[in-house]
Amino acid sequence: MVLRLQQLQQFIVENTIVFFRTMLFLVFLGHGLVSLGYSPGYELHYHIFDSINFFGIETARFLQFQGAFDILMAFIILSGFFPRYVLGFALVYLTLVAGAGYLYYHHKTGSFFGIAESFRRFSWIFYTIFLWVYFTYNKKKYALLRIGIGFAFLAHGLASIGFFGLKGGHIELAKQVLSEDTANAVVYYSGFTDTVMGFMLVTGILSRPAAIVGSLWLCFVVYLSYLLAFPDAIFRSGFLLSCIYVALDKRCHSFIWQKGVVEIF
């Protein structure tokens, strides 16, 4: 049994590129299905675009286009077709999505400090950069993977405790198995642990234990997501798989010290 687990771990860490292409496939696929209306999360997508719809485009029609585009991108990334150009385009697109999340927070709250809403998309951005660097320069910058999942935990943690982000979706997940009052309390207190884990992963301080604990926590989050809506579970499975990878591959956590400077990349 132990030997088989070791063989599985070796197989995963030896196929990093395929693994993260698959992870991005899940993220884009799940996100696209939400935009097509197969999840309660459609309402959030609707409000995000509606808040930045400066050109009077019909929001529902745009989300149909965006959903189809996301699903198309999912299969193109998975196929490995023209990876440098596709990933470069995906990077620009994801940056715009991160910006849209920030602007939606400002529209809803009037605050200019909605960084957690952008952080939610940073993991996708960092994974895309990792793959783009590999296909462009044939180099694997493993720290990007650790930092990417770290920002996902930071985003959810900060939003859950009411800093720099919105926690409505977190409450909806917790309410699948808890009463509303208990769900609010659990989300609030779990925000502190998520923030700490995110900080550890981004900085590299005890990051491997943080990734292991984070993987166990994400298993529960994915389970709740399946209870809420299948598309939500699909893209959150991408986060779970990426966190498991970071927990398994020690190269994501290695630092090289030279002349007192930590070289992360």
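What follows draws every value from the coordinates through simple rules; no lab data is involved. Predicted, not measured: the structure shown is a model, and the values here were computed from it. Virtual Cβ from ideal backbone geometry, glycine too; neighbours counted across all protein chains shown.
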| task | List the DSSP H helices in the chain whose Cα atoms stretch 24 Å or more along the helix axis and whose mean Kyte-Doolittle hydropathy is at least 0.0. | result | 16-35, 59-79, 83-109, 115-137, 143-160, 180-203, 207-228, 230-248
| field | For the chain, fraction of C-alpha pairs farther apart than 34 Å, in % | value | 16
| task | Determine the sum of side-chain charges near Asp249: Lys and Arg each +1, Asp and Glu each -1, restricted to other residues whose C-beta is under 11 angstrom from that of Asp249. | result | +4
| said: Could you tell me the extents of the stretch 24-154's C-alpha atoms along the three principal axes, largest first, rounded to whole Å? | reply: 42, 31, 25
| task | Add +1 for every Lys or Arg and -1 for every Asp or Glu among the other residues with Cβ under 10 Å from the Cβ of Val97, and state the total. | result | +1
| If you add up the charges near Phe49, with Lys and Arg at +1 and Asp and Glu at -1, over every other residue whose beta carbon is less than 12 angstrom from its beta carbon, what do you get? | -2
| field | Overall form of the stretch 191-248 per C-alpha gyration tensor (a/c, 1.5; a/b vs b/c) | value | prolate
| So, in the chain, how many Lys pairs have Cα atoms under 22 Å apart, if the pair is 8 or more places apart or on different chains? | 6
